[in-house]
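So the structure is just underneath, and the comments pick up after that.
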Amino acid sequence: AGLPSTSQLQTAGNFQLRALRTFFQLIGDTAFVALTQYDNGVRLARDFTEARNRDALQDGINALQVPLGTGSSLYDAIDDALRRLATQGNRRKAVLLFSGSPNNFDTAPRDLNALIQRVQTSGASFFT
């Protein structure tokens with residue numbers, strides 16, 4: 001099993017974007033949503049915006065880079081989401097979209113136990 005081809009990555013990325021558009025159609029208008037792309041890095045596509053502002057969310061979706069880059073910065077994704085969700089009151093949820101590539105551990109060693117503890121005490125829900 002080798003690396004996926006560019007066309008396979010593009011197909012997977014397009015599927016993720018369609019799923020994301022459907023998700024935004026289903027959430028309530030009073031939800032606040034931020035779009036951040038996590039693959040071989042962390043890129044903010046749209047800061048927290050009320051879901052009723054569909055044009056702004058569509059702009060955020062359009063700003064996502066497809067296909068996603070190589071790797072999955074899962075630790076960085078969770079760490080970034082926790083920091084950003086801390087400002088969002090009681091209803092805190094994160095939906096994380098990944099390339100499906102192996103986790104990217106090229107950066108400094110991480111304390112996974114501390115990250116798990118932060119998730120458990122944050123009150124936030126995570127979905128992938």
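For the range 77-82, backbone phi angles converted through the Karplus equation (6.51, -1.76, 1.60; θ = phi - 60°) give residue-by-residue couplings of 4, 5, 4, 5, 4, 4 Hz, Gly and Pro being listed as x. Convex hull volume of the C-alpha atoms in the range 18-60, normalised per residue: 65 Å³.
Counting only protein chain heavy atoms and rolling a 1.4 Å probe, the accessible areas of D76, D47 rank, largest first, as D47, D76. Counted by Cβ distance under 14 Å from D55, the other residues give a net charge of +1, where Lys and Arg count +1 and Asp and Glu count -1.
Here T87 sits with roughly 100 square angstrom of accessible surface, probe radius 1.4 Å.
The values are calculated or read from the model by the stated rules, or taken from the named source; none is laboratory data. Please read these numbers as outputs of a predicted model, since none were measured by experiment. Cβ coordinates were reconstructed from backbone atoms using ideal geometry, including for glycine residues, and neighbour counts include every protein chain displayed. Heads up: the accessible areas ignore ligands, DNA and RNA and are worked out on the full protein's heavy atoms, side chains in. Shrake-Rupley method; radii C 1.70, N 1.55, O 1.52, S 1.80 Å.
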